[in-house]
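Asks: Once you've had a glance at the structure underneath, I'll fire off some questions.
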Amino acid sequence: MRMDDLSLAELENRCQQGGLRVTANLREILEALITRPDHPDVDSLHERLWARGRRVSLATVYRNLGHLVAAGVVAEQHFGPGKARYEVATPHDHLIDISTGKIIEFCEPRLNALEEKIAAQMGYRVVRRRLELYAVPLDERS
């Protein structure tokens, strides 16, 4: 399932399944993450909430993100040095343009199948995966 296929109701359901109570603040954080899926850090997310008229403290944003990450609804990402970034947890990978810092999400089912095949050949089952490709545009000579 791609992130743009998710509805707020589906995310609220995931929260409830993860044992979270869906508060107004938590709902606002989820809305902010799905309306602009750009991997914000905590400060950017806090600013976004304030711009939407939601007066929540930075501590509240940190606390709610911690609960969402622990429940598996939101993923915390670290793309190199710097602040942690957050996104709705969906099966996908990332290509990071190292010249601009742009983060591009992609989903390639053949990669998933290959990873599962390799793990099975070695006597394992994949329970979690993460792939980040750090790249430069083809027209950029480095």
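Asks: Hey, could you check the stretch 58-83 for residues that are at pLDDT below 90 and over 13 Å from the mean Cα position of the chain (by Cα) and say which is nearest to residue 94 (Cα to Cα)?
Replies: The selected residue is 80.
Asks: Specify the residue that is surrounded by the most Cβ atoms within 10 Å (Cβ to Cβ); the eligible residues are those in the stretch 17-46 that are hydroxyl-bearing (Ser, Thr, Tyr) and within 23 Å of residue 92 (Cα to Cα).
Replies: Here is the first cut: in the stretch 17-46, the residues hydroxyl-bearing (Ser, Thr, Tyr) are 23, 35, 44.
This time we only want the ones that are within 23 Å of residue 92 (Cα to Cα), so: 35, 44.
Numbers: 35: 11, 44: 16.
Ranking the qualifying residues of the stretch 17-46, first place goes to 44.
Asks: Exactly one of (1) in contact (Cβ under 8 Å) with a residue 40 or more places away in the chain; (2) under 29 Å from residue 133 (Cα atoms); (3) aliphatic (A, V, I, L, M); (4) not in a helix (DSSP H, G or I) is unmet by residue 30. Its number?
Replies: (4)
Asks: Continuing with this model, one more query. Evaluate the stretch 72-80: report whether one residue or more is among the polar types (S, T, N, Q), more than 17 Å from residue 46 (Cβ to Cβ), surrounded by 13 or more Cβ atoms within 10 Å (Cβ to Cβ) and in the same structural domain as residue 37 (by TED's automatic domain parsing).
Replies: From the stretch 72-80, those among the polar types (S, T, N, Q) are 77; that's our starting set.
Still in the running and more than 17 Å from residue 46 (Cβ to Cβ): 77.
Next, from what is left, pick out any that are surrounded by 13 or more Cβ atoms within 10 Å (Cβ to Cβ): 77.
If we keep only those that are in the same structural domain as residue 37 (by TED's automatic domain parsing) as well, we get 77.
Taking every residue of the stretch 72-80 in turn, at least one turns out to be among the polar types (S, T, N, Q), more than 17 Å from residue 46 (Cβ to Cβ), surrounded by 13 or more Cβ atoms within 10 Å (Cβ to Cβ) and in the same structural domain as residue 37 (by TED's automatic domain parsing).
Asks: Okay, moving on. How about the stretch 81-101: which of its residues are loosely packed, with under 12 Cβ neighbours inside 10 Å, of a type outside the set (Val, Ile, Thr) and either without any contact (Cβ under 8 Å) to a residue 60 or more places away in the chain or touching a Ser or Thr at 6+ places or on another chain (Cβ under 9 Å) (or both)?
Replies: Residues of the stretch 81-101 that are loosely packed, with under 12 Cβ neighbours inside 10 Å, as a first pass: 81-82, 91, 99-101.
Now drop any that are not of a type outside the set (Val, Ile, Thr), which leaves 81-82, 91, 99, 101.
Listed by number, the residues that qualify are 81, 82, 99, 101.
Asks: Would you check if residue 76 is in contact with a helix residue (DSSP H, G or I) (Cβ under 6 Å, 6 or more places away or on another chain), charged (D, E, K, R) and without any contact (Cβ under 8 Å) to a residue 60 or more places away in the chain? Spell out the reasoning first.
Replies: Working: in contact with a helix residue (DSSP H, G or I) (Cβ under 6 Å, 6 or more places away or on another chain): yes; charged (D, E, K, R): yes; without any contact (Cβ under 8 Å) to a residue 60 or more places away in the chain: yes.
When the stated conditions are applied, residue 76 passes them.
Asks: Within the stretch 47-83, how many residues are outside any loop (DSSP other than H, G, I, E, B), under 14 Å from residue 33 (Cβ atoms) and not small (Gly, Ala, Ser)? Reasoning before the result, please.
Replies: Going residue by residue through the stretch 47-83, those that are outside any loop (DSSP other than H, G, I, E, B) are 47-51, 58-70, 74-77.
Narrowing the set further to residues that are under 14 Å from residue 33 (Cβ atoms) leaves 47-49, 61, 64-65, 67-69, 74-77.
This time we only want the ones that are not small (Gly, Ala, Ser), so: 47-49, 61, 64-65, 67-69, 74, 76-77.
Residues that pass the stated criteria total 12.
Asks: Being out of contact with any Phe, Trp or Tyr (no Cβ under 8 Å at 6 or more places or on another chain), outside the structural domain of residue 7 (by TED's automatic domain parsing) and farther than 24 Å from residue 10 by Cα is true for just one of 59, 113. Which residue is that? Before you say what the answer is, go through the steps one by one.
Replies: Numbers: 59 fails: outside the structural domain of residue 7 (by TED's automatic domain parsing).
From the options 59, 113, the qualifying one is 113.
The values are calculated or read from the model by the stated rules, or taken from the named source; none is laboratory data. From a predicted model like this one, the values you see are computed outputs, not experimental measurements. Because the Cβ atoms are built from the backbone with ideal geometry, glycine has one as well, and the counts that use them run over all protein chains shown.
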